[in-house]
1. Need one number: nm distance between label points at E379 and V163, each 7 Å from Cα along Cα→Cβ, rounded to one decimal.
2. Using a simple spin-label model with points 7 Å from Cα along the Cα→Cβ vector, what separation in nm is obtained for E329 and R315?
3. Pairwise over distinct Cα atoms, reciprocal of the mean inverse distance: report the Kirkwood radius of the range 133-176 in Å, one decimal place.
4. Return I387, I334 ranked ascending by Cβ neighbour count within 10 Å, so the fewest neighbours appear first.
5. Residues with amide H under 5 Å of T82's amide H, sequence separation 5 or more or different chain, H placed in the peptide plane at 1.01 Å from N; which?
6. Name the residues whose placed amide hydrogens come within less than 5 Å of the amide hydrogen of F424, ignoring near sequence neighbours (fewer than 5 apart) on the same chain.
7. From the phi of every residue in the range 83-98, what ³J(HN,Hα) in whole Hz does the Karplus formula 6.51 cos²θ - 1.76 cosθ + 1.60 yield, where θ is phi - 60° and glycine or proline is x?
8. Quick one: K326, K313, fewest Cβ neighbours within 10 Å first, how do they rank?
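Any read-out appearing in this document is the output of simple, stated calculations on the displayed coordinates, not a laboratory observation. The shown structure was predicted, so the numbers you read here are calculated from the model rather than taken from an experiment. FYI the Cβ positions are ideal-geometry reconstructions off the backbone, even for glycines, and counts take in every protein chain you see.
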Amino acid sequence: MSELTPDVEELFEEQGPREASAPPARTVTVELVATAGLAAAVLAMASIFPGGDLASPLLVLTLVVLYALAATVHFDIGLGFTSPCQLVFVPMWFVVPPAFLPVLVAAGLLLEQMITIVASRRARHPLRVVCAIPDAWHAVGPALVLGVAGATEPSFSDWPIYVAAFGAQVLIDFSVTTVRGWADLGIKPDLQIRVVAWAFMVDFALAPIGLLAAVAMTQTPVAVVCLMPLVGVFAVFARERDERIRQALQLSSAYRGTAILLGDVLEADDAYTGGEHTQGVVELGLEVGKELGLTSRELRDLEFGSLLHDIGKLRVSNEIINKPGKLTEAEWEIIRRHPADGQEMLARVGGALEKVGEIVRAHHERVDGGGYPDGLRGEEIPMEARIICVCDAYSAMTTTRSYRPAMTRSDAIAELRRCSGEQFDPRVVDALIRVVERTPDTTVPHLRLAA
């Protein structure tokens, strides 16, 4: 599944253990503040919009139960998930005074937690159940708009009011969710946008159906129950989607395990090439990649590419790799084949490592076109390969080999600058220098260089 980037995979993988464990103090604090804010908003709206008609308690209870059932359906879409709650949420707009709308939603969410625990038989910490209450914040937006507009009966002629109500729902929901996610889990706003964007689009598509149900409900209250077959269809699709995501996570884990295994094989064959040198390139490369603003997917490809950039040397004898003297031209030809050999080996694995093979093949290309094996130049070379090229050279210069001692940090930087624009991408060189110069020699092992 192409939309599962590494950062999103991490959120999926952490979800189960996180739900079963007691929330950390930071989570409890964040959710208590969000709950207190929601209670304050409800009280404020009750004072601003007093009174209002209340539908029959049976209809209100029915809507709460239907909302809870709809909330149990988690349909993974895009980078996040959505539930068909909007189908029931819109009819809720018209059965209670605006101030009580968030209360109904909170009750539905708590009931959804109970249903999920019983149905899935999966442990969920009691405090995490209570943490569902702030999820009702999205109801504050429509409540405010409907209260100000005085819209108490569903009518198609009031569609501008309903559009404004939905816009307020999205604005408040995104704002509160972003603050909670950032304060609790450290989820950055840009990732939050990617996670919720599809969910909001689905809500927008379902809202008119909910409005139809609300209009029908004015004539026959039981009409709202007719929404449940549609919720059932969502549930079937949700199970299928969940299974695909589970398989995608397992496949991603398999690719990572394969990459690590191949790295171990390389280290067993040559302790320097697969050990000290490779780990140095991996860790330094990731720092440089972050400095250059690579995406999480690009950083994963960079990590695998750095780990396996010398995998083709498994086909080179150790006598050549560790030869203390100068290599013959025939030996150099063997050495120069290792990028292409590495790609060939990774292509046999396929999947995510096939793309990594393209990076491995290009890690000895030069930006001036004088590299090997394909003579690529400039932007033709994948950015990940350009980063590995610079980090590979830097690591090689600053570690001791059988045929020469390690260079000093300053000498290695000077050599990178001398070759910048010809052998190396200047942007990558500048980024590496920034990373190295702000890292003390004695703090990070992969950047602790010869004095």
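1. Taking the two extended label points, one gets 3.9 nm.
2. Once both label points are built, they end up 2.2 nm from each other.
3. Kirkwood hydrodynamic radius for the range 133-176: 10.6 Å.
4. I334, I387
5. Answer set, sorted by chain and number: F75, D76, I77.
6. For F424, whose amide H was placed from the backbone, the distant partners under 5 Å are V367.
7. 10, x, 5, 4, 4, 9, 5, 4, x, 4, 4, 10, 10, 9, x, x
8. Placing the least packed residue first, the sequence is K326, K313.
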